[in-house]
Amino acid sequence: MSEKPYDYLVVGAGLFGAVFARQAADAGKRVLVIDRRNHIAGNAYTYLEDKIHVHQYGAHIFHTNNGEVWTYLNRFARFNRFTNTVVANYKGEIYSLPFNMYTFNKMWGVVTPDEAKAVIDEQKKEIQGEPKNLEEQAISLVGRDIYEKLIKGYTEKQWGRECKDLPSFIIRRLPVRLTYDNNYFNALYQGIPIGGYTKMVENMLEGIPVELNQDYLKNREHWNSMADRIVYTGPIDEYFDFAEGPLEYRSVRFETEKLNTPNFQGNAAVNYTDAETPWTRIIEYKWFEDLGSDVTIISREYSSEWKPGDEPYYPVNDEKNSALYQTYKELGDSEPNVIFGGRLGEYRYYDMDGVVARALEVAREELGQ
Ligand code: UDP
């Protein structure tokens, strides 16, 4: 029998930590969860203000093709039928995203899929051979008109780099459809947890002790004495005191305001796809779960290059950073009692369903389930 009060210390109460903690507790293990923030749920954290669930760290729209993950999360929340349908605003012209028949109709006046295809085929002729970068890939998928109005400005603002210098796979995340279907995701299951993500994570952590405002890295000795095994979901480079140098991220700044109107933009997400507007998009949270608020709360998103001290959002999985991560991963593998997990622990741009799937897998391996 161990001398230590817990079998597992889970560092970070985000989705990875909460799933692992739940699985370990259900397997009869003694689990303690700590987080250096003053709240649970990590970047999925939502808070209620004026009958609106605000997503403090940016819009989180759950979508998955993974039936196991969907069934699992439905133990802790009921999901509404929210379907993400994004509106693009290009200098006041409104288009439907992702690229579908509504987009093509507005752009060119075409009505049938054959007519749309004919225009795209004509415009993509300028690209010969395999697309070499995001610009060429975009034009060969949807033609130059759509590239200029809906892709170029947005992408260059988001990544702070020219489309010619970005990899083509980024744009292939978006569906292109010759149907009148403006569902942003190709996913079997989609929705927002009714009552907010924080409530869902709270339900996952039911019966498990959670200590907030506790920074593992500032007092390792104490925390290590609390449990036999550590599940660490913070930044892996910070765990090793940035010994090999910091991993890079793209960061996002949110300007959030409450407006005295019940309806600001008529949709949860409006992307500003021109180069001149400084923000990339505006999220109006009440449309994720409409509780009938008289006011509205919106966030303008500004994409920025990350610097140490900023909140990390998107890992930059380029060659340089991927190689650096490998070095940290090897260091991590040699820590016998620590499991690194989640977006920061694994330096991976997981969607939420990917995090849950990975945490379930790690829990299975670890707990022998
Ligand atoms: N994109 C675009 N115009 C838009 C929305 C997206 O050109 O209005 C491109 C852009 O290059 C972006 C990529 O599609 O980086 C992926 O978009 P996604 O919505 O998946 O990005 P996320 O919401 O994860 O930041």
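Listed by first and then second residue, the pairs linking a residue in the range 156-168 that is farther than 14 Å from VAL252 by Cα and aromatic (Phe, Trp, Tyr) to a residue that is near the ligand (Cβ under 9 Å from one of its atoms) and assigned to a helix (DSSP H, G or I), with Cβ atoms under 8 Å apart and 6 or more places separating them unless they lie on different chains, form an empty list.
When the range 235-261 is filtered for residues that are in contact with a helix residue (DSSP H, G or I) (Cβ under 8 Å, 6 or more places away or on another chain), in a loop (DSSP other than H, G, I, E, B), surrounded by fewer than 18 Cβ atoms within 10 Å (Cβ to Cβ) and not aliphatic (A, V, I, L, M), the ones remaining, listed by number, are PHE240, GLU244, GLY245, PRO246. Filter the range 1-23 down to the residues that are surrounded by 23 or more Cβ atoms within 10 Å (Cβ to Cβ) and of a type outside the set (Phe, Trp, Tyr) and list them by number. Of everything in the range 1-23, those that are surrounded by 23 or more Cβ atoms within 10 Å (Cβ to Cβ) and of a type outside the set (Phe, Trp, Tyr) turn out to be LEU9, VAL10, VAL11, GLY12, ALA13, GLY14, LEU15, GLY17, ALA18, VAL19, ALA21, ARG22.
LEU178 meets each of the listed conditions (1) in contact with a Ser or Thr (Cβ under 6 Å, 6 or more places away or on another chain); (2) more than 27 Å from VAL54 (Cα to Cα) apart from (1). Of the residues examined, GLU276 is one that is of a type outside the set (S, T, N, Q) and over 28 Å from THR83 (Cα atoms). Taking (1) within 29 Å of THR261 (Cα to Cα); (2) surrounded by 16 or more Cβ atoms within 10 Å (Cβ to Cβ); (3) more than 22 Å from the chain's Cα centre (by Cα) in turn, GLY92 satisfies each apart from (2).
Residues in the range 165-197 that are over 26 Å from ASP114 (Cα atoms) and modelled with pLDDT of 95 or more: LEU188, TYR189, GLN190, GLY191, ILE192, PRO193, ILE194, GLY195, GLY196, TYR197. Considering every residue within the range 88-102, establish whether at least one is of a type in the set (Gly, Ala, Ser), free of Cβ contacts under 8 Å to residues at least 60 places away in the same chain, closer than 25 Å to PHE264 by Cα and not in a helix (DSSP H, G or I). Scanning the range 88-102 turns up at least one residue that is of a type in the set (Gly, Ala, Ser), free of Cβ contacts under 8 Å to residues at least 60 places away in the same chain, closer than 25 Å to PHE264 by Cα and not in a helix (DSSP H, G or I). GLU248 meets all of the listed conditions (1) modelled with pLDDT under 95; (2) within 16 Å of the ligand (Cβ to nearest atom); (3) not β-branched (Val, Ile, Thr) but one, namely (2).
The residues listed here are LEU73, LEU141, LEU150; of these, the one that is among the aliphatic types (A, V, I, L, M), touching a residue at least 24 places away in the same chain (Cβ under 8 Å) and touching a Ser or Thr at 6+ places or on another chain (Cβ under 7 Å) is LEU150. Looking at the range 138-234, the helices (runs of 4 or more DSSP H) lying wholly inside it that each contain 2 or more residues that are within 15 Å of the ligand (Cβ to nearest atom) and crowded, with 18+ Cβ neighbours inside 10 Å sit at 152-159.
Within the span defined as the range 114-133, one or more residues are touching a residue at least 24 places away in the same chain (Cβ under 8 Å), surrounded by fewer than 16 Cβ atoms within 10 Å (Cβ to Cβ) and in a helix (DSSP H, G or I). For the range 60-81, a residue qualifies if it is within 16 Å of the ligand (Cβ to nearest atom) and either surrounded by 19 or more Cβ atoms within 10 Å (Cβ to Cβ) or under 19 Å from ILE40 (Cβ atoms) (or both), and the qualifying residues are HIS60, ILE61, PHE62, HIS63, THR64. Scanning the range 291-310 for residues that are of a type in the set (D, E, K, R) and either surrounded by 14 or more Cβ atoms within 10 Å (Cβ to Cβ) or touching a helix residue (DSSP H, G or I) at 6+ places or on another chain (Cβ under 8 Å) (or both) gives ARG300, GLU301, ASP310.
The values are calculated or read from the model by the stated rules, or taken from the named source; none is laboratory data. Small disclaimer: the values here were computed from a predicted structure and weren't measured. Please note: Cβ atoms are built from the backbone with ideal geometry, for glycine as well, and neighbour counts cover all protein chains shown.
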